[in-house]
1. Does at least one position in segment 108-118 carry a residue that is open to solvent by less than 50 Å² (accessible area, probe 1.4 Å), modelled with pLDDT under 90 and outside any loop (DSSP other than H, G, I, E, B)?
2. If we keep just the residues of segment 91-107 that are open to solvent by less than 40 Å² (accessible area, probe 1.4 Å) and part of a helix (DSSP H, G or I), which is modelled with the lowest pLDDT?
3. Please name all residue pairs, on different chains or six or more residues apart, with Cβ atoms under 6 Å, provided the first residue is in segment 123-143 and is within 12 Å of residue 155 (Cα to Cα) and touching a residue at least 24 places away in the same chain (Cβ under 8 Å) and the second residue is of a type in the set (Gly, Ala, Ser) and surrounded by fewer than 14 Cβ atoms within 10 Å (Cβ to Cβ).
4. So, in segment 119-142, of the ones that are surrounded by 15 or more Cβ atoms within 10 Å (Cβ to Cβ) and part of a loop (DSSP other than H, G, I, E, B), which residue ends up modelled with the highest pLDDT?
5. Return yes when residue 146 is surrounded by fewer than 18 Cβ atoms within 10 Å (Cβ to Cβ), among the polar types (S, T, N, Q), within 16 Å of residue 94 (Cβ to Cβ) and in contact (Cβ under 8 Å) with a residue 24 or more places away in the chain and no when it is not.
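The values are calculated or read from the model by the stated rules, or taken from the named source; none is laboratory data. Keep in mind it's a predicted model, so treat the numbers as computed, not measured. Methodologically, a virtual Cβ is constructed for each residue, glycine included, from the backbone with ideal geometry; neighbour enumeration extends over all protein chains shown. Keep in mind that these areas ignore ligands, DNA and RNA; they rest on the heavy atoms of the full protein, side chains included. Shrake-Rupley method; radii C 1.70, N 1.55, O 1.52, S 1.80 Å.
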Amino acid sequence: MSDLNDTIDRLLDNWELHNKLAEQTRQADTERERLVRTAFEQGADYSRLTISTGLTRTTLWRMRKRFDSEPVEAGWDIASDRETRVNTPSEFVEDTIRELLRERFDSLADDSDDGDVAVEWWDDPHLNAAQRALRDDVARLALRAQTTKSDTVVDPALGVRMTRSGKVD
């Protein structure tokens with residue numbers, strides 16, 4: 001029985017070693033992909049990368065194709081009728097459009113005497129129909145910017161034009 005326990009202990013040790021090596025391999029593969037991407041961006045050719053990585057040309061081609069199809073997280077240049085904001089990160093597009101259209105939002109407020117006027121975009125119970133429509137249009141435009149592959153998004157009704165930072169029409 002002692003031999004069996006020793007064998008089980010050695011199997012468990014081997015399993016731990018296997019898991020540790022598998023994690024190191026994943027990390028090495030991730031680092032290699034990062035370096036291959038960087039090399040392509042710096043102008044490396046397939047022959048040189050084939051020699052330096054030991055990967056086949058087909059594997060490198062597939063990696064490059066995947067790199068090229070991944071979305072680029074470029075910022076947006078957002079222009080309204082009055083102002084332009086440059087290099088806005090994607091996660092702040094909606095907030096930036098709201099800032100640019102703040103005067104329009106405020107002008108749509110009802111002039112009620114009871115002081116029950118929406119002062120913020122998210123103040124839903126106090127928004128009137130026009131303010132809700134503007135809020136929803138801004139949200140739709142921000143969503144279009146997040147999901148489009150185009151470098152330009154225009155909404156004539158809002159008077160907003162967005163171009164990926166660094167791109168020129």
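1. Checking segment 108-118: not a single residue is open to solvent by less than 50 Å² (accessible area, probe 1.4 Å), modelled with pLDDT under 90 and outside any loop (DSSP other than H, G, I, E, B).
2. Ranking the qualifying residues of segment 91-107, first place goes to 105.
3. Final answer for the pair search is none.
4. Going through the qualifying residues, I end up with 127.
5. Considered against the rule, which asks whether it is surrounded by fewer than 18 Cβ atoms within 10 Å (Cβ to Cβ), among the polar types (S, T, N, Q), within 16 Å of residue 94 (Cβ to Cβ) and in contact (Cβ under 8 Å) with a residue 24 or more places away in the chain, residue 146 comes out as yes.
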